[in-house]
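Structure first, commentary second.
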Amino acid sequence: YRLELATRQVVDSYRTGQDTPLNVVRIDCTDDSAGEQLERHLKYPSFFGDTTLIVAHHAACELLKTTAETYAVASLADIVIVGVQDTSAKGYDKKIAVAFQKMCDATEYSQLTGAGLISWIQSYCSTIGGSIDATTAGSLIRQVGEDTRLLAAELEKLTAYAGTEPISKPMISALTRARIERDEWELSNALDSHDKRAIVAAVWRNTQQGTPEQLLIGSLAAGFRNLMMVKDLTDRRYTPPVIA
């Protein structure tokens, strides 16, 4: 989410600093047509002298590196490329990511925890017209978790509710739903162990969490089906890795 915010800020800064119109293009480098889209904007200059800003997602890839070198993007006055890469995702080229960091104006956004996350919460709250102290921010993290997108959504709701007052712990308790730690295999494991108490507890917990009855019946059916399949394969002397 912080990557998304930073990308918006870069686009806005170019838009406000331009005397000519800014043409913003968003390209996902994993798309089959990404190369064609990039070339279309790099190959032919603008007739009206406006600037094209290309936001390239999944940027740490051979396609963008080769294209940038072929068209000497650094020397083009009317083209700006903003490369965005989520390094927590799999499949990106780490060597190219490092190369881009060395040759470009790069900013890295690492996962925030502890005091850093609390500081971000206070800063974000201030930008949307609210206020929250560090202790209350810690309570919000315990309630919602460390996902900045979820935190931002809750902060906007709480700020709107608080008005001119600082966000408080009672407001968080009243308006913010505690995150639910789900065990997707709880019901299947209870069935497999023939633990009646655990089965009833799992069904009760799902009911309390608002799971629709049809989905609950489906979970029971899927659990029985999986157990029957495992038993059948075990009786046929398949090894555990093959069964898995």
- Can you give the translational diffusion coefficient of the chain in µm²/s, computed by Stokes-Einstein from the Kirkwood radius over Cα pairs at 20 °C and 1.002 mPa s? 93 µm²/s
- Low-density loop cleavage sites - trypsin sites (Lys or Arg not before Pro) in the stretch 31-94, where at most 11 other Cβ are within 10 Å (DSSP): Lys90
- Query: Rounded to whole Å and sorted largest first, what semi-axes of the equivalent ellipsoid does the C-alpha gyration tensor of the stretch 16-82 yield via the square root of 5 times each eigenvalue?
  - Reply: 20, 12, 11
- Pop a pseudo-label 7 angstrom from the Cα along the beta-carbon direction at both Leu3 and Ile128 and give the gap in nm to one decimal. 2.1 nm
- Subtract the Cα-Cα distance of Glu156 and Asn189 from 0.36 nm times their separation in residues, and report this length gain in nm to one decimal. 7.9 nm
- FRET E, pair Ala115, Ser13, Förster distance 25 Å, beta-carbon r, rounded to 0.05: 0.35
- Task: Express the relative contact order of the stretch 1-85 as a whole percentage, based on alpha carbon pairs under 8 Å and six or more residues apart in sequence.
- Result: 32 percent
- Any chance you could check the Cα centroid distance between the stretch 198-218 and the stretch 24-73 for me, in angstrom? 50 Å
- Message: Testing the spin-label approximation: label points 7 Å from Cα along Cα→Cβ at Ser75 and Glu165. State their distance in nm.
- Response: 6.3 nm
- Item | Residues with amide H under 5 Å from that of Val25, placed H, sequence gap 5 or more | Leu53, Ile54, Val55
- What accessible area per residue comes out for the chain, rounded to a whole number of Å², with a 1.4 Å probe? 67 Å²
- Note down the relative contact order for the stretch 128-244 as a percent, whole number, built from C-alpha pairs under 8 angstrom at least six residues apart. 21 percent
- Degrees, to the nearest 10: 134-144 long Cα axis against longest axis of the chain: 60 degrees
- Please give, to one decimal in nm, the separation of the simple spin-label points placed at Arg225 and Arg237, each 7 Å out from Cα toward the Cβ. 3.0 nm
- Query: Which whole-number percent gives the relative contact order of the chain, counting Cα pairs below 8 Å spaced six or more residues apart?
  - Reply: 12 percent
- Extension gain (nm, one decimal) between Arg26 and Thr207, 0.36 nm per residue minus Cα-Cα: 60.9 nm
- Query: Given Lys90/Lys157; Lys43/Lys65; Lys196/Lys231, which pairs have Cα atoms separated by over 25 Å?
  - Reply: Lys90/Lys157
- Note on the structure: Share of Cα-Cα pairs in the stretch 126-177 beyond 11 Å, whole percent, is 65 percent
- Query: How do His58, His194, His41 stack up against each other in accessible area, from largest to smallest, with a 1.4 angstrom probe?
  - Reply: His194, His58, His41
- log10 I(q)/I(0) for the stretch 184-228, Debye formula on C-alpha points only (no solvent), q = 0.16, 0.24, 0.34 Å⁻¹, two decimals, reads -0.36, -0.80, -1.30
- For the stretch 26-124, what is the Kirkwood hydrodynamic radius in Å, using each pair of distinct C-alpha atoms? 15.1 Å
- Query: Applying 1/(1 + (r/R0)^6) with R0 = 25 Å to the Cβ-Cβ distance of Ala89 and Glu62, what FRET efficiency is obtained, to the nearest 0.05?
  - Reply: 0.90
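The values are calculated or read from the model by the stated rules, or taken from the named source; none is laboratory data. Worth saying up front: this structure is predicted, and the values here are computed from it rather than measured. Every residue, glycine as well, gets a Cβ built from its backbone with ideal geometry; the counts of neighbours run over all protein chains shown. The protein model used for the area step is the full one, side chains on, heavy atoms only, and it has no ligands, DNA or RNA in it. Shrake-Rupley method; radii C 1.70, N 1.55, O 1.52, S 1.80 Å.
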